[in-house]
Number of protein chains: 2
Amino acid sequence: MTDSFLNEAPITTASDQVFVNMRREIVEGTIAQGSKISEPELAKRYGVSRATLREALNRLESCYLVERKANVGCRVVALTAERLIEVYQVRSSLEGLACRLAADNMEPDEIKGLKQLLNQHLQTQRVKEGESYYQEAGDLDFHYRIIKGSKNAHLIHLLCNDLYQLIRMYRVQMGMAGPRVSKAFDEHLAIINAIENHDGELAEMLMKRHISASQANIQTKFDLYQSE
Amino acid sequence: MTDSFLNEAPITTASDQVFVNMRREIVEGTIAQGSKISEPELAKRYGVSRATLREALNRLESCYLVERKANVGCRVVALTAERLIEVYQVRSSLEGLACRLAADNMEPDEIKGLKQLLNQHLQTQRVKEGESYYQEAGDLDFHYRIIKGSKNAHLIHLLCNDLYQLIRMYRVQMGMAGPRVSKAFDEHLAIINAIENHDGELAEMLMKRHISASQANIQTKFDLYQSE
DNA sequence: TAGAATAATAGTGTCGACAATAAGGGTGTT
DNA sequence: AACACCCTTATTGTCGACACTATTATTCTA
């Protein structure tokens, strides 16, 4: 499945196309983490000029997927344990905020949709036991809806456009599928209930814990990955 | 005074130069908020090619000072009350986090330097009573040091590079100098004490309140400005 | 042989020009 | 007179080439 729901802006220009393609390849690891990016090489590969490619690189830098140094070049971000912690600290804080705001600002039908989504995931989970569908698409969609429910455009942009691809990159490349699936479901349910009761404070706290647990989970995978 | 301490990266390339210049002009209002940006016009004005200017525009977009639409163009961000609230909600959350982390991670000499800075500001404030020096440079420096004290590189980047210029823009263009100066000093002092005692929870709470108060202050100015 | 200075080379930064798209004005029709 | 359509014009997107910088390989010297 794609992350189409993360990007409302239609893809019109060539640099948009390159941006979306490169983003996917970086997130999925097709373009290796930490690797150097050669502008002429990639420009040829995508069949565009360097100017177009550089436009895409700028966008990728904005969402923290590549890092640039003047007169030196561009390289894909390196996945490190330190960075993972840093990003999750930020994410936890921001999504906690989003969740608190969502408790105040989400419309009844939005909350209803969220509950339906969760039920749907429960069934999918039962059917496809062990597969990572729930974690990948479902979890993302769940978080995404709550973020949107905050109604804070700046926050939405920050999380959905700038931060989420990097988070996905960690999750995808660390291989997220495991025992946390069912536990995450319960946590999601508790969060929905808090939002439904307009208990922003509780909703924020639950979301922060939920994300911390998720971080601990990835951290474990990461340590395993490192010690190979 | 400049905001040089906000940007560690040296200014080497031409697009860097244009970026820094445009950023200042946008923040200070020389380039009016909400105005459309003509690439050919500005390129001529800065004496660079459009490619160079566009590079700068991309950077400005990254720190939320301009907004781009494909095939339409670029315009300076518009200062609205809604956006102010949104940005300050995010800022409050992130700087609260930074403050909590700083309580754990700041070195003793950093804390010492922070206290010295505050004393220095107290004296400056007495001398230049009524002037906005304290608010503008001092307050910014204070917050900046705490953010750096969090030792979270991602958070530092997010706040110092991406968000602070937009916040400065509101403060500068709303004309920040007023009765909050002395009150802010007391709040700063309380925050330092919490950090010194390694009380992250308290430090976070105090910082969040401090920023909320600051928001309320700007909000007032904003409402006055709007009703003129 | 090891190290430093220097030359070759690859890569990034910048430029001017062309192509494609969107906005504005004008004309024609109902 | 109002609306719709078309054309003109200005602006953005994209391209290929040149200039400058950093890296690598080579040569010279101690």
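Taking B:C74 as the residue in question, decide whether it is touching an Asp or Glu at 6+ places or on another chain (Cβ under 8 Å) and without any contact (Cβ under 8 Å) to a residue 60 or more places away in the chain. The answer is yes for B:C74. The residue list B:Y46, B:Y88 contains one member that is under 22 Å from B:R168 (Cα atoms) and touching a helix residue (DSSP H, G or I) at 6+ places or on another chain (Cβ under 6 Å), which is B:Y88.
How about region B:11-60: which of its residues are under 19 Å from the mean Cα position of the chain (by Cα) and among the aromatic types (F, W, Y)? Result: B:F19, single match. Being within 26 Å of B:G138 (Cα to Cα) and among the acidic types (D, E) is the requirement here; does B:E82 meet it? Spelling it out, it is not the case that B:E82 is within 26 Å of B:G138 (Cα to Cα) and among the acidic types (D, E).
So that you can scan it fast, the table gives a plain yes or no per residue for (1) more than 8 Å from DNA strand C (Cβ to nearest atom); (2) in contact with an Asp or Glu (Cβ under 8 Å, 6 or more places away or on another chain); (3) charged (D, E, K, R):
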| position | (1), (2), (3) |
| --- | --- |
| B:L42 | yes, no, no |
| B:R54 | yes, yes, yes |
| B:N58 | yes, yes, no |
| B:E61 | yes, yes, yes |
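Among the residues making up region B:44-56, those that are more than 10 Å from DNA strand D (Cβ to nearest atom) and either on the phi > 0 side of the Ramachandran plot or in contact (Cβ under 8 Å) with a residue 24 or more places away in the chain (or both) are B:Y46, B:G47, B:V48, B:T52, B:E55, B:A56.
Of all residues in region B:54-68, exactly one satisfies the criterion of being hydroxyl-bearing (S, T, Y) and assigned to a helix (DSSP H, G or I), namely B:S62. Where residues in region B:9-43 are assigned to a loop (DSSP other than H, G, I, E, B) and away from DNA strand D (no atom under 15 Å from the Cβ), which of them is surrounded by the most Cβ atoms within 10 Å (Cβ to Cβ)? Per the criteria, the residue is B:Q33.
For region A:56-98, the set of residues classified as in contact with a strand residue (DSSP E or B) (Cβ under 8 Å, 6 or more places away or on another chain), more than 8 Å from every other protein chain (Cβ to nearest Cβ) and surrounded by fewer than 18 Cβ atoms within 10 Å (Cβ to Cβ) consists of A:E67, A:R68, A:G73, A:R75, listed by residue number. Consider B:V48 carefully, then state whether it is over 25 Å from B:H157 (Cβ atoms) and either away from DNA strand C (no atom under 14 Å from the Cβ) or part of a loop (DSSP other than H, G, I, E, B) (or both). Answer is yes for this residue.
With respect to (1) modelled with pLDDT of 90 or more; (2) surrounded by fewer than 20 Cβ atoms within 10 Å (Cβ to Cβ), the lone exception for A:H154 is condition (2). Note on region A:57-92: residues that are away from DNA strand D (no atom under 16 Å from the Cβ), closer than 14 Å to A:Y164 by Cα and polar (S, T, N, Q) amount to 2.
The values are calculated or read from the model by the stated rules, or taken from the named source; none is laboratory data. Because the structure is predicted, anything quoted here is derived from the model rather than measured. As a convention, Cβ positions derive from the backbone with ideal geometry for all residues, glycine included, and neighbour counts pool all protein chains shown.
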